[in-house]
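Enquirer: The structure follows.
The values are calculated or read from the model by the stated rules, or taken from the named source; none is laboratory data. Computed from a prediction, not measured in an experiment: that's the story for all the values here. Heads up, the Cβs are rebuilt from the backbone with ideal geometry, glycines too, and the neighbour counts pull from every protein chain shown.
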Amino acid sequence: MSDLTTVADLSTAAGTLVLAVATFSAVRASQRSARIAEQALLVGLRPVLAPTQEDDPAMTVSFGDQHVVTVAGGGAALDLEDGRFYFVVPLRNVGPGLAVLHAWRVSPRSSASSDRPPLGSLRRQQRDLYIPAGGIGFWQAALRDADDEMRAGIDDAYAAEQSLAVDLLYGDYEGGQRTITRFSLFPNDGRWLAGVVRHWRLDGADPRDAPGAG
């Protein structure tokens, strides 16, 4: 009788173990599926900014002090008027999600670190700027005060016709998937052009941090 009881207990324990393993596997599979679905959703919302192309239409952008800038497709603008700098970069959103611009920084390209700029060094946009998925828009900013700390080196670089680095912080319409893209502004044959230098992802793993990357 005791042997039958022992066998029954062992069978019950084995069945419980099998059930636990199956449940654990099902939970793991469910979690993995949820992560895949979440990642697919985020990819569908991710904005990626790049300069416009030469065949894109020109843009006319106005500032709060009535300064107006017109920029051709594929170009950029850097105006100096009455001691005030005005910047405009036409942008194309090559990602599938709406881009919302949050903050910016301008610096001489020669002094810009190759590392991701600290968030504290970027200045918040005073105007809401949105760029639709697959569409075009623009970034604009101004440096009006001569003693503005962000102007350090800008006057000299402009006078010497040297390149500038523009770092833009943006994300999706829910405030996630924040990215900093660095653009290079450089003079060329009497006009300013813009090019992408690097993208840094702030939310989620950066591909450059993956093992073996480099």
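Enquirer: Just a yes or no: is a residue in the range 136-149 surrounded by 13 or more Cβ atoms within 10 Å (Cβ to Cβ), part of a loop (DSSP other than H, G, I, E, B), in the same structural domain as LEU193 (by TED's automatic domain parsing) and at pLDDT 95 or above? Working first, answer last.
Expert: Filtering the range 136-149 down to residues surrounded by 13 or more Cβ atoms within 10 Å (Cβ to Cβ) leaves 136-144, 148.
Imposing the further condition that a residue be part of a loop (DSSP other than H, G, I, E, B) reduces the set to 144, 148.
Pick out the ones that are also in the same structural domain as LEU193 (by TED's automatic domain parsing) and you get 144, 148.
With the extra rule that they be at pLDDT 95 or above, the set shrinks to 144, 148.
So far as the range 136-149 goes, yes, one or more of its residues are surrounded by 13 or more Cβ atoms within 10 Å (Cβ to Cβ), part of a loop (DSSP other than H, G, I, E, B), in the same structural domain as LEU193 (by TED's automatic domain parsing) and at pLDDT 95 or above.
Enquirer: Taking GLU81 and the conditions (1) over 22 Å from LEU45 (Cβ atoms); (2) crowded, with 17+ Cβ neighbours inside 10 Å, which numbered condition does it fall short on, given that it satisfies the others?
Expert: (2)
Enquirer: Same structure, new question: How about the range 93-147: which of its residues are within 15 Å of ILE180 (Cβ to Cβ) and in contact with a Ser or Thr (Cβ under 8 Å, 6 or more places away or on another chain)?
Expert: ARG105, the sole residue that qualifies.
Enquirer: Another question about this same structure. Against the condition part of a loop (DSSP other than H, G, I, E, B), over 14 Å from the mean Cα position of the chain (by Cα) and not hydrophobic (A, V, I, L, M, F, W, C), how does ASP115 come out, does it pass? Full working, then the answer.
Expert: Numbers: part of a loop (DSSP other than H, G, I, E, B): yes; over 14 Å from the mean Cα position of the chain (by Cα): yes; not hydrophobic (A, V, I, L, M, F, W, C): yes.
It is true that ASP115 is part of a loop (DSSP other than H, G, I, E, B), over 14 Å from the mean Cα position of the chain (by Cα) and not hydrophobic (A, V, I, L, M, F, W, C).
Enquirer: Would you check if ASP167 is touching a residue at least 24 places away in the same chain (Cβ under 8 Å), in contact with a Lys or Arg (Cβ under 8 Å, 6 or more places away or on another chain) and either of a type in the set (Asp, Glu) or in a helix (DSSP H, G or I) (or both)?
Expert: Values: touching a residue at least 24 places away in the same chain (Cβ under 8 Å): yes; in contact with a Lys or Arg (Cβ under 8 Å, 6 or more places away or on another chain): yes; either of a type in the set (Asp, Glu) or in a helix (DSSP H, G or I) (or both): yes.
Answer is yes for this residue.
Enquirer: Looking at the range 150-175 only, could you name the residues that are over 24 Å from the mean Cα position of the chain (by Cα) and buried (at least 20 other Cβ atoms within 10 Å of the Cβ)?
Expert: Narrowing the range 150-175 to residues over 24 Å from the mean Cα position of the chain (by Cα): 152-153, 155-162.
Correct list: ALA157 only.
Enquirer: Now for a separate question. Answer yes or no as to whether PRO96 is over 26 Å from ALA58 (Cα atoms), surrounded by fewer than 21 Cβ atoms within 10 Å (Cβ to Cβ) and in the same structural domain as ARG191 (by TED's automatic domain parsing). Break it down stepwise before answering.
Expert: On the way: over 26 Å from ALA58 (Cα atoms): no; surrounded by fewer than 21 Cβ atoms within 10 Å (Cβ to Cβ): yes; in the same structural domain as ARG191 (by TED's automatic domain parsing): yes.
So PRO96 does not fit the description; no.
Yes or no, residue by residue, for (1) closer than 15 Å to TRP104 by Cβ; (2) at pLDDT 95 or above; (3) in contact with a Phe, Trp or Tyr (Cβ under 9 Å, 6 or more places away or on another chain); (4) not aromatic (Phe, Trp, Tyr):
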{"site": "SER163", "(1), (2), (3), (4)": "no, yes, yes, yes"}
{"site": "GLY171", "(1), (2), (3), (4)": "yes, yes, no, yes"}
{"site": "ILE180", "(1), (2), (3), (4)": "yes, yes, yes, yes"}
{"site": "ASP189", "(1), (2), (3), (4)": "no, no, no, yes"}
{"site": "PRO207", "(1), (2), (3), (4)": "no, no, no, yes"}
